[in-house]
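Written out below as structure tokens is the structure these notes cover.
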């Protein structure tokens, strides 16, 4: 499986970028939903682009956007596609043809929970909780070398992009959000270690990147996408603003909004801001800025994942994180 398609929406460039000075356009969630429903594939799933291969992440978020009271035929076929991706051990990969589980399982878990697929939700929750990274495989010498070069604790378990590889901030945050939404308590061991990993990986000057605060003597730059996901996960776990790294991360997001921000990053930023009272003052402006990205056909960059994500965080972020909106957004 070529995972590059899965990361395409995270990369800045071209029409995926907006600046702060764009003519105002009121976002229309119904038009976004029409675009999503019109581009469901015959197998019941959705791809990142209309007519593209059905994959778990865009399918899961399209189902979240359509909602449990939406088009029942579309919902049934979409859930059927996700269920076809479920392996005997409870794992979900990127598609039915993927022989093993992967990071995209977080989106299936969210969809199974929201749409009441209880049996599939239980099986997938158990698998996600057992989805291991490489932390237990590092030798003491390797952990010491990682601490010296990259300045993080490699013994802390998190979640990787693919099984038995190094844990990173983004998949750890995504799985935490999904597990917490499915009712796993913040006190659960894997959630607690996920919180520890995120806090351990923060960039000292504020925010997060993909997972390395340093490379040798150089501090690596934090990014809006990673920072937003880390904060959303911490918010979902009930972390207060006084927790180390939270305030600095929120301030980094505020500063980052002065420049160009990708569509997906902007949507995740909006979700993160809705998780903390300190984000309330930015919620309206970010919502309006995200709305200006919507095209006349209702889509966001004709990307079904981005369209669904934007529709959910604009309409009801509590679909992803029940406490989102406590900031007043």
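If contacts are Cα pairs under 8 angstrom and at least 6 residues apart, what is the relative contact order of the range 20-174 in percent? Numbers along the way, then the final one.
Values: 220 pairs, mean separation 24.4, N = 155.
For the range 20-174, the relative contact order is 16 percent.
How high is the relative contact order of the chain, in percent, counting Cα pairs under 8 Å that sit 6 or more residues apart?
Values: 614 pairs, mean separation 73.0, N = 329.
Result for the chain is 22 percent.
Please compute the volume of the convex hull spanned by the alpha-carbon atoms of the chain and report it per residue in Å³. Please list the in-between numbers first.
Details: hull volume 41.0 nm³, N = 329.
Enclosed volume per residue, from the Cα hull, is 125 Å³.
How many times 2.2 N^0.38 Å is the alpha carbon radius of gyration of the range 203-275?
Values: Rg = 11.7 Å, N = 73, 2.2 N^0.38 = 11.2 Å.
So the Cα radius of gyration is 1.04 times the expected 2.2 N^0.38 Å.
Hey, what did the range 134-245 get for relative contact order, percent, Cα under 8 Å, at least 6 apart?
Numbers: 166 pairs, mean separation 29.5, N = 112.
Relative contact order for the range 134-245 comes out at 26 percent.
Using Cα springs under 10 Å in a Gaussian network model of the chain, which residue among 259, 207, 235 shows the largest mean-square fluctuation?
259
Stick to the Cα atoms of the range 34-116, pair each with every other, and give me the Kirkwood hydrodynamic radius in Å at one decimal. Kindly include the intermediate steps, with their values, before the conclusion.
Values: mean 1/r = 0.0817 Å⁻¹.
By the Kirkwood definition, the hydrodynamic radius is 12.2 Å.
If each residue's Cβ is checked for other Cβ atoms within 10 Å, how do 320, 146, 198 rank with the fewest at the top? Kindly include the intermediate steps, with their values, before the conclusion.
On the way: 320 23, 146 17, 198 27.
Ordered by Cβ neighbours within 10 Å, fewest first: 146, 320, 198.
From zero outward in steps of 5 Å, how is the percent of C-alpha pairs of the range 219-258 spread across the bins?
Once binned at 5 Å, the Cα pair distances of the range 219-258 give 5, 25, 33, 24, 10, 2.
Calculate the FRET efficiency for residue 126 and residue 155 from the Cβ-Cβ distance with a Förster distance of 41 Å, rounded to the nearest 0.05.
Values: r = 24 Å, r/R0 = 0.58.
After rounding to 0.05, the efficiency reads 0.95.
What do you get when you divide the Cα radius of gyration of the range 75-136 by 2.2 N^0.38 Å, with N the number of residues?
The value comes to 1.06.
Assign one of three labels to the range 46-89, namely rounded, prolate or oblate, based on the Cα gyration tensor with a ≥ b ≥ c the square roots of its eigenvalues; rounded applies when a/c is under 1.5, prolate when it is not and a/b is larger than b/c, and oblate otherwise.
Working: a/c = 1.96, a/b = 1.15, b/c = 1.71.
Verdict is oblate for the range 46-89.
With each pseudo-label sitting 7 Å past Cα toward Cβ, what's the residue 196-residue 260 distance in nm, one decimal?
Label-label distance for residue 196 and residue 260, simple model: 4.1 nm.
According to the square roots a ≥ b ≥ c of the eigenvalues of the Cα gyration tensor, what is the shape class of the range 128-214, taking rounded for a/c under 1.5, prolate for a/b larger than b/c otherwise, and oblate for the remainder?
Numbers: a/c = 2.06, a/b = 1.39, b/c = 1.48.
Oblate shape, in that a/c is at least 1.5 and b/c is the bigger or equal ratio.
Subtract the Cα-Cα distance of residue 280 and residue 243 from 0.36 nm times their separation in residues, and report this length gain in nm to one decimal.
11.5 nm
Treat the count of other C-beta atoms within 10 Å as a stand-in for reagent exposure and order 261, 92, 29 from fewest to most. Let's see the in-between values first.
On the way: 261 27, 92 31, 29 17.
With the fewest neighbours first, 261, 92, 29 line up as 29, 261, 92.
Classify the range 147-289 as rounded, prolate or oblate, taking a ≥ b ≥ c as the square roots of the eigenvalues of its Cα gyration tensor: rounded when a/c is under 1.5, otherwise prolate if a/b is larger than b/c and oblate if not.
Details: a/c = 1.74, a/b = 1.21, b/c = 1.44.
Oblate.
Within the range 197-224, name every residue whose backbone N is under 16 Å away from a label modeled 7 Å from Cα of residue 148 along the Cβ vector.
Residues 215-218 fall inside that zone.
What distance in nm separates the simple spin-label points at residue 215 and residue 43, each placed 7 Å from Cα in the Cβ direction?
3.6
Please give the residues of the range 50-67, grouped as numeric ranges, whose backbone N is less than 20 Å from a label point set 7 Å along the Cα-to-Cβ vector of residue 316.
59-67, by backbone N distance to the label point.
Read the figures in this text as sums done on the coordinates, not as results from a lab. All figures in this text were calculated on a predicted structure; none of them were measured in a lab. When we count neighbours, we look across all protein chains shown, and the Cβ atoms used for this are built from the backbone with ideal geometry, even at glycine.
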